[in-house]
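S.K.: Before anything else, here's the structure in question.
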Amino acid sequence: MHIDIQASGFELSGGLREHTERRLQFALSWASQDLGKVAVRLSDINGPRGGSDKRCRIQIPLARKPDVVIEDTETDLYVAIDRAADRAERALARRLERMREHGRESIRANPAASAVETLIVAPAGETLKPY
């Protein structure tokens, strides 16, 4: 899993980069084999005016599925990163679980699979010969 971190409206410090990487590794390491790249965008919306304006946006692309995108805005950027990482972990877990469930359901619901089952059932009074 590659974590791409970019900042807008301020300079990305080494400590902030380290904190972001550590939090995302902790939150998403269980799914690292399913992930290629995670994009993190940190921004200061209002600039020096202050207020609840530090945003952390996490985007997790999934193969042939819509991306998981989480945004959190707080006065403290570290808090925004922590909350967004926690939410990304839960959202990714839900999405992967749905994908796995959907995959199993589509196999069961496949009409061709039912036809194959019908073909291998022996007519009444006859026995099937092993291959």
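The values are calculated or read from the model by the stated rules, or taken from the named source; none is laboratory data. These numbers were taken from a predicted model, which means no experiment stands behind them. Neighbour counts are summed over all protein chains in view; Cβ atoms, including those assigned to glycine, are modelled from backbone coordinates with ideal geometry. For the accessible areas, the whole protein counts, side chains as well, though only heavy atoms, and no ligand, DNA or RNA atoms are used. Shrake-Rupley method; radii C 1.70, N 1.55, O 1.52, S 1.80 Å.
S.K.: Going through Asp82, Asp72 one at a time, which residue ends up being of a type in the set (Asp, Glu), assigned to a helix (DSSP H, G or I) and open to solvent by less than 60 Å² (accessible area, probe 1.4 Å)?
M.R.: So the residue among Asp82, Asp72 that is of a type in the set (Asp, Glu), assigned to a helix (DSSP H, G or I) and open to solvent by less than 60 Å² (accessible area, probe 1.4 Å) is Asp82.
S.K.: Would you say Asp44 is open to solvent by 20 Å² or more (accessible area, probe 1.4 Å) and at pLDDT 95 or above?
M.R.: Judged against the criteria, Asp44 is not a match.
S.K.: Give the residues of segment 56-66 that are under 23 Å from Gly9 (Cβ atoms) and open to solvent by 50 Å² or more (accessible area, probe 1.4 Å), sorted by residue number.
M.R.: Scanning segment 56-66 gives Arg57, Gln59.
S.K.: Going through segment 1-50 one residue at a time, which ones are assigned to a helix (DSSP H, G or I) and more than 19 Å from Tyr78 (Cβ to Cβ)?
M.R.: Across segment 1-50, the qualifying residues are Ser29, Trp30, Ala31, Ser32, Gln33, Asp34, Arg49.
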